[in-house]
1. How many lysine pairs does segment 85-189 hold where the Cα atoms are under 29 Å apart and the two sit 8 or more places apart or on different chains?
2. Between beta-carbons, use under 12 Å as the cut-off and find the net charge around Ile214, counting Lys and Arg +1, Asp and Glu -1.
3. Note down the net charge around Thr87, summing +1 for each Lys or Arg and -1 for each Asp or Glu among other residues with Cβ under 13 Å from its Cβ.
4. Taking the Cα centre of the chain as origin and charging only Cβ (+1 Lys, Arg; -1 Asp, Glu), how large is the dipole, in debye to the nearest 20?
5. Which of the three applies to segment 160-229, rounded, prolate or oblate, going by the alpha-carbon gyration tensor with a ≥ b ≥ c and a/c under 1.5 meaning rounded?
6. Along the Cα→Cβ direction, 7 angstrom out, place labels at Val113 and Lys45. What is the inter-label distance in nm?
7. Could you tell me the ratio Rg/Rh of the chain? Both radii from Cα atoms, Rh via Kirkwood.
8. Would segment 85-189 count as rounded, prolate or oblate if I go by the C-alpha gyration tensor, calling it rounded below 1.5 in a/c and otherwise prolate when a/b exceeds b/c, oblate otherwise?
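What follows is calculated from the coordinates using simple rules that are stated; it is not laboratory data. Only a predicted model underlies this, so the values are computations on that prediction, with no experimental measurement involved. As a convention, Cβ positions derive from the backbone with ideal geometry for all residues, glycine included, and neighbour counts pool all protein chains shown.
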Amino acid sequence: MALKLIYFKMRALAEAPQMLMHYAGIKYDYQMSWEYFKKDWEHVKPTLPFKQLPLLVVDNTHQISQSIAIMGYIEQLAGLNNTNPITTAKMHAVMLGAHDLFLPLNPILNFAVGEDFSTKKIALLPNLIKRIENLDHALASTTNPFFFDSEPKACDFFAYHHLDLARTLYHDIFLKFPRITELLHAIESIDPVRNYLISRPKLIGIGVSPKLIINGTAHPTGTKNTDTQ
Ligand SMILES: N[C@@H](CCC(=O)N[C@@H](CS)C(=O)NCC(=O)O)C(=O)O
């Protein structure tokens with residue numbers, strides 16, 4: 001089975017799938033949109049099933065869109081899916097609850113600059129806290145570090161990504177959420193996942209001039225190829 005994960009220069013919706021694949025020991029290729037399609041994004045977008053990325057391409061044939069669907073597929077491939085329909089539905093609810101953090105948190109970190117960044121950062125906080133409280137509430141129903149089990153599942157990695165971005169934007173945000181801090185530490189203490197987190201492109205210049213360090217070179221975040229700049 002050949003897996004290609006197609007995305008852009010952003011620390012956003014391709015993170016959780018990669019963490020899950022590293023955890024499960026599943027091999028994949030990560031390609032930027034322009035590398036895979038050999039075209040600029042504006043020409044690719046109209047051709048895609050949901051007109052956005054990430055996209056998981058299986059065996060150069062099947063295109064899976066939508067990050068939650070991608071997580072579900074990888075979870076099944078890894079044999080980590082739960083067979084109880086009730087538990088599966090509850091895991092799906094956690095995934096959707098975590099996805100509630102996506103906007104505008106991810107774009108603020110990856111793209112907003114200057115006054116726009118400061119204004120959006122202040123405006124987001126009350127709503128973000130409410131969404132984090134929902135995840136904290138879900139964690140309160142278990143004594144495990146993870147949402148459902150003593151081992152992480154797709155929903156744990158999905159939640160990790162958005163909570164990690166929340167922590168990056170507001171450094172002390174989890175002081176009142178010890179269970180969330182415990183979840184983040186538990187995920188970070190898994191060797192292959194930690195290795196991925198340490199080695200992935202670093203996001204720098206948040207709020208000023210966001211860039212990803214890819215193979216030692218700082219590239220502006222975005223949907224465009226900047227290899228030659
Ligand atoms: N619901 C989708 C959202 C995907 C999404 O918002 N993708 C953004 C990047 S994070 C995108 O493709 N932006 C470019 C565009 O919309 O043209 C998912 O969960 O995968």
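1. 10
2. Counting the neighbours of Ile214, the net charge comes to +3.
3. 0
4. Using Cβ point charges on Lys, Arg, Asp and Glu, the chain gives about 420 debye.
5. Cα axes put segment 160-229 in the oblate bin.
6. A separation of 2.0 nm, rounded to one decimal place.
7. The Rg/Rh ratio comes out at 0.95.
8. prolate
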